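Here the structure comes first, spelled out in structure tokens, and everything after it is commentary.
Each value in this text was obtained by applying a stated rule to the coordinates, not by laboratory testing. Because the structure is predicted, anything quoted here is derived from the model rather than measured. Glycine gets a Cβ as well: all are built from the backbone with ideal geometry, and neighbour counts include every protein chain shown.
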Amino acid sequence: MLSTLRHPVFARLFAAQVVALLGTGLLTIALALLAYDIAGDRAGTVLGTALTLKMVAYVGLSPVLAAALGHLPRKAVLVGADLIRASVALMLPFIDAVWQIYVLIFVLQAASASFTPAFQATIPDVLRDEADYTNALSLSRLAYDMENLLSPTLAGLALLVMSYSALFLGTVAGFLVSAALIVSAALPPRVADAQRPFRQRVLRGARIYLATPRLRGLLALNMAVAAVVAFVLVDTVVLVRGRFGGGEGAVALAMAAFGAGSMIAALALPGVLKRVTDRKVMLSGGAGLALLGFGFAAVLADAGSGPGRGLLLAVWAGLGFCNAAVMTPSGRLLRRSAHEADRAAIFTAQFALSHACWLLAYPAAGWLGPWLGLAATLAVLSTVAVAAVLVARRVWPAGSSSAIAHDHPDLPGNHPHLRDYGGNRRHSHEIVIDDEHWRWPSRG
């Protein structure tokens, strides 16, 4: 896996991702402390609203920004977004009102909504070999998990000798270093695409995404992941401190177990995916999330025995493993589901649609807990995951990546696509939704 880092361009991009993630992790901790200083007991409401604004920016703005900025060089988009994020982080220590937090966080997340899908779409253009790209996806997953472990540690050490406002400077440094690394990388140019009306550019990624069976399956699996993992992210602190009477360290240990499971999966997946199809791995991961969720909900509901802390850590590690089994291969599906000119659009669609799932799951995990109790909440969310996995199996049939015979009755006889197949209107090849294939052909 580490051999992929020998690629000079990817090595710079991966380093940029790591430092930006560390900066974002410091921002999360500093923002929580800032919210408490400004809002006191209302800090949780402030942070919850900020998280909602983040999701709104991701879901609503990412397709619009991708369409508006699609004509610019990808380096300009990535560096510009990093500079905007650094500027916002630099302003945050000087604010003194809740509304200012909301405005600045929305601007920062709008910049992230343009940066992240553009960055993700660049990697497959840099790493053409599928094995290298699979390694890159695993490394990216490891980077996210390591950030979850390292950022709180670094913040804790920094807070021993300085105020939390200094953490914002670490965030600024992270985004500036990220921008510098991207500037130093020789990124491949964008592939020229046909000029389309703005509305078509905004909707093109979603149109391709929703017309492709494996990506409809991915969307359903995104919902399965969001449903169960939202419980982990939102309710772990309630479960550990309320049910077990544990302290902050116990909460951190539970989240570390989740991250460790995810890291183990990320390390194992490059070898597994050489022998097992993406569909089988991802559906198994989704089913594992649902089954573990149901099992732990049943244990929680048994007031007589109740779960031990060891069981909690084991289940959280299993959920982390299953989460990575679903999410890590998703980039491979996106890569093979669009031509290079449409790759940024398809990654943007995944970014927006997957975060729409989280926009539904986060409030459900937070609001159902006090109303139904933790056991019933996890059971409800696991039921959603089961339904989502069943939908994924239905809309993503096995063998959908193989060649399909189909007709082109409307194309002129001299069309380049027909010439590629000897002028035959009926021919067979793997399908990618594009201007010549706006619908997925049936096998009938």
222 nm [θ] for the chain, helices only, -39500 (n - 2.57) per DSSP H run of 4+, per residue, to 500?
-25500 deg cm²/dmol
May I ask for the distance between the Cα centers of region 218-272 and region 57-116, given as a whole number of Å?
27
Could you name the lysines in cross-link range of K75, using Cα to Cα under 24 Å and dropping any fewer than eight places away on the same chain?
K54
Estimated D of the chain in µm² per second, where Rh is the Kirkwood radius over Cα pairs and Stokes-Einstein applies at 37 °C, 0.692 mPa s:
142
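May I ask for the Rg/Rh ratio of region 163-272, computed from Cα atoms with Rh as the Kirkwood radius, given to two decimals?
Values: Rg = 21.3 Å, Rh = 19.4 Å.
My calculation puts Rg/Rh at 1.10.
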Cα long-axis angle, helix 343-372 against the chain (0 to 90 degrees, to the nearest 10):
30
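Ranking M162, M223 by Cβ neighbours within 10 Å, fewest first, what do you get?
Working: M162 12, M223 24.
In order of increasing Cβ crowding within 10 Å: M162, M223.
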Hey, what D do you get for region 13-170 in µm²/s if you plug the Kirkwood alpha-carbon radius into Stokes-Einstein at 4 °C and 1.567 mPa s?
77
When you count, for each residue, the other Cβ atoms within 10 Å and take the mean per peptide, how do 123-130, 62-69, 3-10 rank with the highest first?
62-69, 123-130, 3-10
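Only counting other Cβ atoms within 10 Å, I'd like R279, R332 sorted with the fewest neighbours first.
On the way: R279 21, R332 18.
Sorted ascending by nearby Cβ count, the order is R332, R279.
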Once the Cα atoms of helix 43-69 and of the chain are each reduced to a long axis, what angle between those two axes, in degrees from 0 to 90 to the nearest 10, is obtained?
20
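Looking at region 231-325, which chymotrypsin sites (Phe, Trp or Tyr not before Pro) are in a loop (DSSP not H, G, I, E or B) and have at most 16 other Cβ atoms within 10 Å?
Here the chymotrypsin sites (Phe, Trp or Tyr not before Pro) that fit, given the DSSP loop and packing criteria, are F244.
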Taking Cα atoms, how many degrees apart are the long axis of helix 309-327 and the longest axis of the chain, rounded to 10 and kept between 0 and 90?
20
Using Cβ contacts closer than 10 Å as the measure, can you line up C322, C357 from fewest to most?
C357, C322
Cα-only Debye scattering, region 208-397: base-10 log of I(q)/I(0) at q = 0.16 Å⁻¹
-0.96
